[in-house]
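Taking it in order: structure first as structure tokens, then the write-up.
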Amino acid sequence: MKRRRARSRVYWRERGGICRAYGEFRDYADLGGGQEALVVPGEKLATADPHAAEVLAAKRLEQLDALRAKRQAGAIHHLPKEATLQAFAREHLMKKASAGKVTPRWLAENEHFLERAVAFFGARRELSSITVDDVTRWAGQLLQTRPSGRRSKSMSGGTVRHHLNGLSNLYRRAQAEGYVVPGYNPVAAMMDKPTARRQEARWLEIPDAALLVEAARTHDAVGRAYALIATFLLTGGRESEVLGLETDDVSFDRRTVTFRPNDWRRLKTATSFRAVPLWPQLEEILRLWVFGAGRPPGKLLFPSLLYGPRGDGDGLPKVAGCGRGARGVEAGRDSVQDVPAHLLHRAPTDPRSGRTRQCLHGREGTGARR
């Protein structure tokens, strides 16, 4: 009986008048194989040398056979599953989107972080082969990289930390799904990670806050900026929280202002769902705004005249006619507001400074940001 001759993996295509070699590895598609150009290291185009083509095809076939044998051995001995960084990053982002716990905007940011990781480590890099040293070198390169769309010459420590956190979150999913052994996370194992630079906050003092409210009352005939600035000062809400308040969130019966998620925006954390006191002065101001002639026409307490809610759940309704200066106060994440004592009747007094304080966001801080 005649022995069957082994089929050659090499085939040829004419490119620019020259026949160049390609490899047929589609029977290894589950391992990333396909119709691939056989390129000699250091060159950009597929080789035109028949001998070099056979050698390159043999090496690629040997690599794919080793990967298949390794996968079969893993299945027999119950070893962790294998996945390339690019393939698992795509799967990770799809599952993260399906969970619905993050906004599309932040999901797009994570996709950008992982694209940079794939570009550095390699699309076919196995998850279990990335080490702490590899991640450390990547962080160092990011610190020297100029961020897209910004004037700064290099990324800040906080931006690099976001990249690392995105990769670390991918490894947490990889652990949960058995692609790496439990506890394997090269990002978490780093001894020193870049951090954001801390800056001293600037705060509104009592006379400044009172002057701001009075200026808004004097110069705002409609009452929109007056009510908005007073709400910022006397609730301590974040920008998106205050701009996303609905009229039903203000209870004149219970004398509370409730920050809850709605169609206009989400809340930053679970503890951001809270009710704060509706102080007497703010109650008086909001009554004039809610029940006055220029009252809000829809659900929003401070509606936009130009924009509606965003479909991604992270909308930031803009208040037309107020501009950025209408924010008044940029309340910190853990801030405590300093406001005139006559504005906050019933508020506790700080024995150290004699200032009246209102705790925000479920924790105690140190002032109201200018």
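Of note:
- Prolate/oblate/rounded call for the range 85-176, Cα gyration tensor, a/c under 1.5 rounded: oblate
- Distant-in-sequence amide H partners of Trp203 (H built 1.01 Å from N, under 5 Å): Arg370
- Ranked list, fewest to most other Cβ atoms within 10 Å of each Cβ, for Phe273, Phe232, Phe25: Phe273, Phe25, Phe232
- Taking amide H as placed 1.01 Å from N in the peptide plane, the amide H of Phe25 sits under 5 Å from that of Gly34, Gln35, Glu36, each at least 5 places away or on another chain.
- Each Lys or Arg adds one and each Asp or Glu takes one away; over the other residues whose Cβ falls under 13 Å from the Cβ of Gly157, this sums to +3.
- Residue by residue, the range 13-24 carries 3J(HN,Hα) couplings of 10, 8, 10, x, x, 10, 7, 10, 8, 9, x, 9 Hz when phi is fed to the Karplus relation 6.51 cos²θ - 1.76 cosθ + 1.60 (θ = phi - 60°); x denotes Gly or Pro.
- Whether the range 202-297 is rounded, prolate or oblate, judged on the alpha carbon gyration tensor where a/c under 1.5 counts as rounded: oblate
- Kirkwood Rh, Cα atoms: Rg over Rh of the range 154-215: 1.37
- Residue order, fewest to most beta carbons within 10 Å, for Ile18, Ile130: Ile18, Ile130
- For the range 224-235, 3J(HN,Hα) per residue [Karplus equation, 6.51 cos²θ - 1.76 cosθ + 1.60, θ = phi - 60°, Hz, x = Gly/Pro]: 5, 5, 4, 5, 5, 5, 4, 5, 4, 5, 9, 10
- Arg20 long-range amide H proximity, modeled H, under 5 Å: Arg13, Glu14, Arg15
- Packing-based exposure ordering (other Cβ within 10 Å, fewest first) of Leu93, Leu38: Leu93, Leu38
Every number in this text was worked out from the coordinates using simple rules, so none of it is lab data. Quick caveat: nothing in here was measured; it's all calculated off a predicted structure. In this analysis, Cβ positions are derived from the backbone assuming ideal geometry, glycine residues included, and neighbour counts consider all displayed protein chains.
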